[in-house]
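J.: Take this structure first; my questions come after.
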Amino acid sequence: MKKYILPFLTTLLLLILVISCNDYPIDEDGLLITERAECYVSNFNLLGSDFQTVRTAAPEIDTVAQTIKIEVFFGTDLKNLYPQFSLVTDAKLDPKIVGKEDFSDLENPKQWTVISGNRKVRKTYTVYVSVQQLTQN
Amino acid sequence: MKSITINIPKLILTALIFISCSENEFSIPELSSGLKNDCINHSIAPNVVGQYIEFAYAMALKPEEGRLLNANVVASIPGDEGTYLNNKSYYTNGSGVNVGVEVGESSVTSGNKTTVTFKTDTCAATLRYYYKIPNAARGKEVSFTFSASASNGETVYYEMGPYKVREMDLVLDLVATNNTDCYISIADMAVYDAIEAAANPDKIDLIYLHRAIPGISFNHSLVSPSSDSQFKPDFVLAPVINNKSKLIKAWNIQDQQLARLQYGVFVDDLDLRNINFAGAPDYAINMRAESGLWLETEDGMYKAYIFINKVDNSNGKITLSIKRLKVK
């Protein structure tokens, strides 16, 4: 019985070593690079300084034209908005969102690039913001 | 060796049974003689001028040793009018309600000392002390010496503090009315009408407007006098009133001292001092009940947090409570 224990333990140890040495690729952000090639935005929101949504309705996301159109409430402070993207599984965004963004230059809409899970597909989305208008009687 | 190995677990098991069967008889701890006291601070909020710091002061001695004669509190800075030591001792009934039993005369405050003289023959009581923070304590530290005397000649003392009093001011339940009393001054912590506002144009930091505009969520809005005319629809403003306040909308900051609701949230001096208004707008549209607004006055003299206690859609009114810090 004793003579089987040592080979068994050795085999087990080797197996653990083999598994632990399996090389899972990690990108520069420490995120797992997967096999997924899907690359799109599934939802988008804009939050005000009070972290409440400022959009008047669900955004129009065109995954072919790679555009996002969103209308915000009258009186929204466009200089201080937090964009909130929902992406397909394993995808990431470039540049990263680290705080408030200034959307006040409506002529030059802001852009973000979605990068697929396998890091091989990149799609740049343009965010068009419009403001609900005050119509005087 | 084998027999020892087998016997050791048996021995441990036997010992465990023996220990677990050992009976420790409970006895009520013997109370040491003499007058004893203890104190806790009930307040968790920042200490703001005009607000209370609350304490519960307990004192007791053995019944056979005598009875309580008086309880005293000496504050390092005399409390404002309204400072008192409650003459009731409380217990909690079966429904969880605190019931007060009067055990002493009404408290007497003289200078910085507040006293309750016991009128019932009692050997134990817990009295509540309410210290109303005076303006003299602003920015300073205040401490308290609690004491109790008993008929056996003993007197005990208990030191509490020091407690830092904040620099900020606080005002509750200002009511602004659409188109009439709609001018808000942070400098004065007050609401003015058009005539008063025109007389103090430099002090007007906000205008309250209530508009029901189809297709737009304007509703109850607080705007700086300088804001674009689109944010002051159908409102005529005297040109001399033109301050540009910086405003940041807030949500989920139901400061307990302002809201008096169940939330354990407090805006403190540090919050007001540290908030950065760079790039902040001069208007806040569609303010809702329980929302808030950070504000910096044009001259940079004051920073404030304004909490919306209530909005009245039918009468075009808003109820505000404000914490304000002078930063210059």
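The values are calculated or read from the model by the stated rules, or taken from the named source; none is laboratory data. Keep in mind that what you see is a predicted model, and the values were worked out from it rather than measured. Reconstructed Cβ throughout: ideal geometry from the backbone, glycine too, with neighbour counts over all protein chains shown.
J.: State the number of residues belonging to region A:97-129 that are surrounded by 11 or more Cβ atoms within 10 Å (Cβ to Cβ), out of contact with any Pro (no Cβ under 7 Å at 6 or more places or on another chain) and within 14 Å of chain B (Cβ to nearest Cβ).
T.: Residues flagged as surrounded by 11 or more Cβ atoms within 10 Å (Cβ to Cβ), out of contact with any Pro (no Cβ under 7 Å at 6 or more places or on another chain) and within 14 Å of chain B (Cβ to nearest Cβ) within region A:97-129 amount to 5.
J.: Still on this structure, I have one more. Mind checking whether some residue in region B:144-167 is among the acidic types (Asp, Glu), closer than 28 Å to residue B:87 by Cβ and not in a strand (DSSP E or B)?
T.: Taking region B:144-167 as the starting set, the residues that turn out to be among the acidic types (Asp, Glu) are B:154, B:159, B:167.
If we keep only those that are closer than 28 Å to residue B:87 by Cβ as well, we get B:154, B:159.
Of the ones still in play, those that are also not in a strand (DSSP E or B) are B:154.
Taking every residue of region B:144-167 in turn, at least one turns out to be among the acidic types (Asp, Glu), closer than 28 Å to residue B:87 by Cβ and not in a strand (DSSP E or B).
J.: How many residues does region A:68-96 contain that are more than 14 Å from chain B (Cβ to nearest Cβ), of a type in the set (A, V, I, L, M) and in a loop (DSSP other than H, G, I, E, B)? Lay out the reasoning, then the answer.
T.: Of region A:68-96, the ones more than 14 Å from chain B (Cβ to nearest Cβ) are A:68-70, A:83-96.
Remaining after also requiring of a type in the set (A, V, I, L, M): A:68, A:70, A:87-88, A:91, A:93.
So of that shortlist, the ones also in a loop (DSSP other than H, G, I, E, B) come out as A:88, A:91.
Matching residues across region A:68-96 total 2.
J.: Within region A:58-67, is there a residue that is modelled with pLDDT of 95 or more, part of a loop (DSSP other than H, G, I, E, B), away from chain B (no Cβ under 11 Å) and under 19 Å from residue B:216 (Cα atoms)?
T.: Scanning region A:58-67 turns up at least one residue that is modelled with pLDDT of 95 or more, part of a loop (DSSP other than H, G, I, E, B), away from chain B (no Cβ under 11 Å) and under 19 Å from residue B:216 (Cα atoms).
J.: While we're looking at this one, here's another question. Take the residues in region B:209-234 that are within 27 Å of residue B:326 (Cβ to Cβ), of a type in the set (Ser, Thr, Tyr) and within 13 Å of chain A (Cβ to nearest Cβ), then tell me which one is surrounded by the most Cβ atoms within 10 Å (Cβ to Cβ).
T.: Once the filter is applied, the top-ranked residue is B:224.
J.: Here's something else I'd like to know. Could you please give the count of residues in region B:42-77 that are closer than 11 Å to residue B:128 by Cβ and touching a Lys or Arg at 6+ places or on another chain (Cβ under 8 Å)?
T.: Going through region B:42-77 one residue at a time, the tally reaches 7.
J.: In addition: What's the number of the only condition in (1) over 17 Å from the mean Cα position of the chain (by Cα); (2) more than 30 Å from residue B:326 (Cβ to Cβ); (3) of a type in the set (A, V, I, L, M, F, W, C) that residue B:75 fails to meet?
T.: (2)
J.: Between B:237, B:272, B:258, B:206, which is surrounded by 14 or more Cβ atoms within 10 Å (Cβ to Cβ) and either at pLDDT below 95 or within 14 Å of chain A (Cβ to nearest Cβ) (or both)? Give the derivation first.
T.: Working: B:272 fails: either at pLDDT below 95 or within 14 Å of chain A (Cβ to nearest Cβ) (or both); B:258 fails: either at pLDDT below 95 or within 14 Å of chain A (Cβ to nearest Cβ) (or both); B:206 fails: either at pLDDT below 95 or within 14 Å of chain A (Cβ to nearest Cβ) (or both).
Among B:237, B:272, B:258, B:206, only B:237 is surrounded by 14 or more Cβ atoms within 10 Å (Cβ to Cβ) and either at pLDDT below 95 or within 14 Å of chain A (Cβ to nearest Cβ) (or both).
J.: Can you pull out the residues in region B:288-328 that are assigned to a loop (DSSP other than H, G, I, E, B), surrounded by fewer than 24 Cβ atoms within 10 Å (Cβ to Cβ) and not small (Gly, Ala, Ser)? I'd like the intermediate steps shown before the answer.
T.: Initially, region B:288-328 is screened for residues assigned to a loop (DSSP other than H, G, I, E, B), giving B:288-291, B:297-301, B:313-316, B:327-328.
With the extra rule that they be surrounded by fewer than 24 Cβ atoms within 10 Å (Cβ to Cβ), the set shrinks to B:288-291, B:298-301, B:313-316, B:327-328.
If the condition is that a residue be assigned to a loop (DSSP other than H, G, I, E, B), surrounded by fewer than 24 Cβ atoms within 10 Å (Cβ to Cβ) and not small (Gly, Ala, Ser), then B:288, B:290, B:298, B:299, B:301, B:313, B:315, B:327, B:328 are the ones that fit.
J.: Let me ask you something else. Inspect region A:78-86 for any residue being polar (S, T, N, Q) and closer than 30 Å to residue B:221 by Cβ and give the result as yes or no. Write out each step before concluding.
T.: So the first thing to find is which residues in region A:78-86 are polar (S, T, N, Q), and the list is A:80, A:84, A:86.
Subset that is closer than 30 Å to residue B:221 by Cβ: A:80, A:84.
Yes.
J.: Okay, next question. Starting from region A:25-39, keep only residues that are more than 9 Å from residue A:90 (Cα to Cα), then list their pairs with residues that are at pLDDT below 95 and not in a loop (DSSP other than H, G, I, E, B) whose Cβ atoms are within a distance under 7 Å, requiring at least 6 positions of separation or different chains.
T.: A:26/A:32
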